[in-house]
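Report on the following structure.
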Amino acid sequence: MKTKEELIDDLLTLAFAEDVGDGDHTTLSTIPESETGRQRLIVKEEGILAGVDIARKVFHKFDPELKMTVYINDGAHVKPGDIAFEVEGKVRSLLQTERVMLNIMQRMSGIATTTARYQKCLEGLKTKVLDTRKTTPGMRLLEKEAVKIGGGENHRIGLFDMILIKDNHVDFAGGIPQAVAAAKKYCAETGRDLKIELEVRNEDEIRQALEAGVDRIMLDNFTPERTREAVKLINGKCEIESSGGITIDTLRSYGECGVDFISVGALTHSVKGLDMSFKAC
């Protein structure tokens, strides 16, 4: 299995392959090879900055001689006119890395900004907002990192780092007791220490989940009223996650029920990028 750094490097390789191809012929034809210069990242919209560390990797991968001076770090609240960083070196390299860097930083900053808005709605509560696997193919690690920068927490990264038994798994396995028992057996036989979460649809399934001994129960499409009753029934025996159709307008009503987590696909699947530009200086 590849490391996080290897996966990010693969992503950047693909990003340059699809954008630069066999060369930026506009830049190559208009800018002398020896020309040097400087560009700065200018923030044009209020939000949370994310992706500065990845931007450094973008520049270094394309041209290790590019020099980056950072003024604002990941996680900072930014406003229009703020200068996040400057990069100095060959103009050809600056122009050919611009769009890859901006695509990543705008998306990550948009996700971090959205996450911060959601988490602020839960201020004063123990509840944390979680991301999901509804991410852009190939960019999951960056998008989930942006969620953390924005103050949220990551659910599982993929199918490999947690067991999440959903309704289809339960139905195919023959029931909740059978599914959870099989998952525990699998972990024991393969030497994996994985948390087991179970999605439930009603109180009877909650009782079965508690009897089976899961680490976390996901309340799928429960109303706030049903959630409050479920929290009482579970009574601290395991972690509790609310999921399914929860919006920023209804988020706090679920948090006030006492759940530990609320998972929100909207943090990543339909977010607007934060406006910024990379200009010569």
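Overview of results
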read-out	value
Whole-angstrom gap from the stretch 237-281 to the stretch 30-104, using each part's C-alpha centre	28
Of Lys166/Lys195; Lys128/Lys195; Lys4/Lys57; Lys90/Lys272, those spanning more than 22 Å from alpha-carbon to alpha-carbon	Lys90/Lys272
Per-residue [θ]222 nm for the chain (sum of -39500 (n - 2.57) over DSSP H runs n ≥ 4, rounded to 500)	-13500 deg cm²/dmol
Rounded percent of accessible protein surface that carbon and sulfur make up, the chain, 1.4 Å probe	50
The stretch 140-225: relative contact order in percent, alpha carbon pairs under 8 Å with at least 6 residues between	25
Rg to Rh, two decimals, where the stretch 25-162 supplies the alpha carbon set and Rh follows Kirkwood	1.05
Residues listed by number, the stretch 21-47, amide nitrogen under 13 Å from Glu65 label point at 7 Å toward C-beta	33-37
Choice from Ala15, Ala173, Ala266 showing the highest fluctuation, given a GNM over the chain with Cα pairs closer than 10 Å	Ala173
Phi-based couplings in Hz for the stretch 265-273 (Karplus 6.51, -1.76, 1.60; Gly and Pro marked x)	x, 5, 4, 10, 7, 9, 7, 8, x
In the stretch 232-272, the trypsin sites (Lys or Arg not before Pro) that fall in loop regions by DSSP, at most 16 other Cβ within 10 Å	Lys237, Lys272
Qualifying chymotrypsin sites (Phe, Trp or Tyr not before Pro) for the stretch 150-200 [loop in DSSP, other Cβ within 10 Å: at most 11]	Phe160
Mean accessible surface per residue for the stretch 1-156, computed with a 1.4 Å probe while every protein chain stays in place, in Å²	50
Sites matching chymotrypsin sites (Phe, Trp or Tyr not before Pro) across the stretch 35-77 that sit in DSSP coil, with at most 16 neighbouring C-beta atoms within 10 Å	Tyr71
Ordering of 17-30, 127-140 by packing [mean C-beta count within 10 Å, highest first]	127-140, 17-30
Descending semi-axes in whole angstrom, ellipsoid equivalent of the stretch 142-267, from the Cα gyration tensor	24, 20, 12
Local electrostatic count, Leu125, Cβ distance below 13 Å [Lys/Arg +1, Asp/Glu -1]	+1
Integer Hz, Karplus 6.51/-1.76/1.60 couplings in order for the stretch 128-135, x for Gly and Pro	10, 7, 10, 7, 9, 8, 7, 10
For Lys195, distant residues with modelled amide H under 5 Å away	Ile163
Calculated Rg and Dmax of the chain using C-alpha coordinates, Å	22.5, 72
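The values are calculated or read from the model by the stated rules, or taken from the named source; none is laboratory data. What you see is a predicted model; the values in this text were computed from it and never measured. Cβ atoms come from the backbone with ideal geometry, glycine included; neighbour counts cover every protein chain shown. Only protein heavy atoms, including side chains, enter the accessible area calculation; ligands, DNA and RNA are left aside. Shrake-Rupley method; radii C 1.70, N 1.55, O 1.52, S 1.80 Å.
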